[in-house]
Every structure is written in C-alpha cells, then in structure tokens.
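A.B. asks: Below you will find the structure I want to go over with you.
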Amino acid sequence: MLFEDVIKQNFSSIFQERAKDIPIDSIGLPKKTINAINASEAKNSFEAISFIYNNLQEIEGVGEKTIADSVLIANIFIQNVESASEDELKKLIDPRDVFLTSVNGNLVDAFPALIELYLSKKSIKNYERNKDILNKRYGISGNKKYTLEDLGTFYSLTRERIRQIESEMISELGLLLKSDLIPKNWKLSEAIIQSFNSVLVEFKTHSSILLKSNIEHILRERFTKTLDSQYIDLFMKVCGYIKMPM
C-alpha cells in the first residue's frame with residue numbers, strides 16, 4: 001500500500017479547526033482526486049485531506065502519480081493552513097468574500113460576485129441548478145433568456161416550481177442586501193449594504209416607473225459605471241421592481 005506512513009496521520013487541532021471552514025477547491029488538487037472526493041461527499045478541506053490520506057489509494061482508476069501528487073499538495077496545504085495569518089485564512093475560506101470587502105461598497109463591481117457567492121453558500125446540492133436557472137432566466141453568462149416553461153421541461157419540474165425557486169433566490173438576495181437576512185458563516189460588508197440601501201432611496205425619489213436610462217444614470221453617478229445589461233433586469237428585480245412588457 002502506498003504512503004503507509006501517512007495513512008494514519010494525526011492532524012493538529014489548529015488545522016482541523018481551520019480546514020473545516022475552507023472549501024475543497026482551495027486545496028488545488030488534481031481533477032481525478034477532486035472527482036473521488038466529491039463522490040465521497042466530503043464537505044470541506046479537512047474531510048477532503050482525511051480522504052486523501054485514508055481512502056484515495058483504494059479508489060479504482062486513480063494512479064500512483066495522482067496519489068503522490070495529491071499527498072504532496074495535501075502536505076503543503078496543511079502547512080499553509082497552520083501558518084496562515086487571519087487575512088490569508090480569509091482568502092482560503094473564500095476569495096469572493098475578500099473581493100466583496102475590497103470593492104469598498106461599489107455595488108456595480110460587487111453585484112455579479114455577490115450572486116455567485118450567495119448561490120454557492122445557499123445550497124451545495126442545488127448550486128449548479130440554481131445558478132443555471134438565474135443565468136437562463138436573465139440571460140447571464142452568454143445565455144439567451146429562457147421561459148419558466150423551458151426550464152421546467154429541462155429540469156423535469158413544473159413551471160410553478162421553477163417560479164418558486166427563482167422567486168426565493170431573488171427575495172433572499174434582496175433581504176441580504178438590506179441586511180434583513182443574516183446568512184450562516186458569512187456576511188456582506190456594511191459598505192455594500194449601505195450602498196444598496198442608498199440606491200433604493202434614490203430610486204424612490206423618481207416616479208414608480210424607472211427607465212433603464214434612469215437606472216444607468218444613478219449607478220454611474222454613484223459608482224462611476226453601470227451594470228452590464230444582462231445584470232440590470234436581475235438587479236432591478238432584487239430591488240423590488242418588475243420589468244414592464246415592451
């Protein structure tokens with residue numbers, strides 16, 4: 001058996017405590033190892049590293065080189081986690097959190113990253129489905145816009161169920177940005193929350209009907225740029241506005 005000297009390795013308490021909050025993708029493992037870890041249903045870096053040392057050599061189709069590379073990467077990762085400063089640890093836990101803090105309340109820069117962060121934290125199991133529904137409903141990431149019926153057919157769900165999934169995500173995004181929903185294990189910076197609420201106040205100084213040109217003007221005035229066109233409809237829905245048919 002390979003790497004018998006590390007199969008029963010004991011992890012330090014500091015590594016165990018820190019690695020449980022770090023996503024598996026932060027380790028930087030080979031694809032075959034990632035596939036095996038995902039199949040094992042490991043939920044975090046600590047469980048992934050434990051799997052590498054205790055189970056990877058038993059997985060069919062994973063060669064000696066992949067195992068050797070994975071163990072080397074795991075060893076380096078353990079050392080990095082144990083010696084990491086608070087700022088370095090934040091980057092390992094989620095670089096998107098660091099990015100959202102670094103934009104200093106610029107809502108235009110933050111909004112696309114916020115959506116990705118929210119979706120990944122909301123549900124690991126349904127992450128890809130939820131992301132695909134939002135992308136296809138609002139034409140994000142090069143997608144055309146899909147109807148509720150289209151997505152219902154694709155996912156073998158009713159039109160109403162797709163509508164419920166979309167509505168829940170939009171509602172939660174709005175509550176997050178208003179600080180009316182406190183997520184578990186992560187939070188938005190106060191600067192982004194303040195920016196969102198100030199934009200809502202300014203929107204309300206206009207008539208109940210906002211033109212796209214009004215929206216873009218307000219965003220440019222506040223943040224020097226506007227959202228890409230594919231994010232405008234989603235942003236306004238999160239703000240509580242409904243797009244009127246042309």
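A.B. asks: Among F11, L117, L173, whose Cα projects farthest towards the positive end of the dipole of the chain, with charges put on the beta-carbon of Lys, Arg (+1) and Asp, Glu (-1)?
C.D. replies: L173
A.B. asks: Between 0 and 90 degrees, rounded to the nearest ten: what's the tilt of helix 190-204 against the longest Cα principal axis of the chain?
C.D. replies: Relative to the chain, helix 190-204 is tipped by roughly 20 degrees.
A.B. asks: K43: which aspartates and glutamates have alpha carbons under 12 Å from its alpha carbon, excluding same-chain residues fewer than 8 sequence positions away?
C.D. replies: By straight Cα distance, K43 reaches D21, D25.
A.B. asks: Now for a separate question. Counting alpha carbon pairs within less than 8 Å and at least 6 residues apart, what relative contact order, in whole percent, applies to the range 128-235? Walk me through the numbers on the way to the answer.
C.D. replies: Details: 69 pairs, mean separation 20.5, N = 108.
Relative contact order, the range 128-235: 19 percent.
A.B. asks: Among I192, I37, I124, which one moves the most in a GNM of the chain with springs linking Cα atoms closer than 10 Å?
C.D. replies: Of I192, I37, I124, the most mobile in the Gaussian network model is I124.
A.B. asks: Any chance you could look up the accessible area of D228 with a 1.4 Å probe, heavy atoms only, rounded to 10 Å²?
C.D. replies: Here the residue's solvent-accessible area equals roughly 90 Å².
A.B. asks: Please list, in order along the range 60-74, the HN-Hα scalar couplings obtained from phi with the Karplus expression 6.51 cos²θ - 1.76 cosθ + 1.60 (θ = phi - 60°), rounded to whole Hz, x for Gly and Pro.
C.D. replies: 5, x, 9, x, 4, 5, 4, 5, 4, 5, 5, 5, 4, 4, 4
A.B. asks: What do you get for the angle between helix 31-40 and the principal long axis of the chain? Use alpha-carbon atoms, 0 to 90 degrees, nearest ten.
C.D. replies: Approximately 90 degrees, to the nearest ten.
A.B. asks: Moving on. What is the distance in Å between the Cα centres of the range 114-152 and the range 60-89?
C.D. replies: Centre-to-centre distance over Cα atoms comes out at 32 Å.
A.B. asks: May I ask for the angle, rounded to the nearest 10°, between helix 212-223 and the longest principal axis of the chain, with both axes built from Cα atoms and the value confined to 0 to 90°?
C.D. replies: Approximately 60 degrees, to the nearest ten.
A.B. asks: Please list, or write none, the lysines whose alpha carbon is within less than 27 Å of the alpha carbon of K145, excluding same-chain residues fewer than 8 places away.
C.D. replies: K121, K122, K125, K131, K136, K212, K225, K237, K243
A.B. asks: Further question on the same structure: How big is D for the range 147-246, in µm² s⁻¹ as a whole number, if Stokes-Einstein is applied with the Kirkwood radius of its Cα pairs at 25 °C and 0.890 mPa s?
C.D. replies: Estimated diffusion coefficient is 161 µm²/s.
A.B. asks: Could you pull the Rg and Dmax for the range 67-149, using just the Cα atoms, both in Å?
C.D. replies: 17.3, 51
A.B. asks: Quick one: give the max-minus-min coordinate of the C-alpha atoms of the chain along each principal axis, largest first, in Å.
C.D. replies: Here the spans come out as 71, 44, 27 Å, largest first.
A.B. asks: Carbon and sulfur atoms: what percent of the 1.4 Å accessible area of the chain do they account for?
C.D. replies: Within the chain, the accessible surface is 50 percent carbon and sulfur.
A.B. asks: Next question, about the same structure. Along its three principal axes, how long is the range 177-217 when you only count alpha carbons? Whole Å, largest extent first please.
C.D. replies: Rounded to whole Å, the extents work out to 37, 16, 13 Å.
The values are calculated or read from the model by the stated rules, or taken from the named source; none is laboratory data. Since the structure is predicted, the reported quantities are computational estimates derived from the model, not experimental observations. For neighbour counting, all protein chains shown are included, and Cβ atoms are generated from backbone atoms with ideal geometry for every residue, glycine included. Just so you know, the surface numbers come from the protein's heavy atoms only, side chains and all, with ligands and any DNA or RNA stripped out. Shrake-Rupley method; radii C 1.70, N 1.55, O 1.52, S 1.80 Å.
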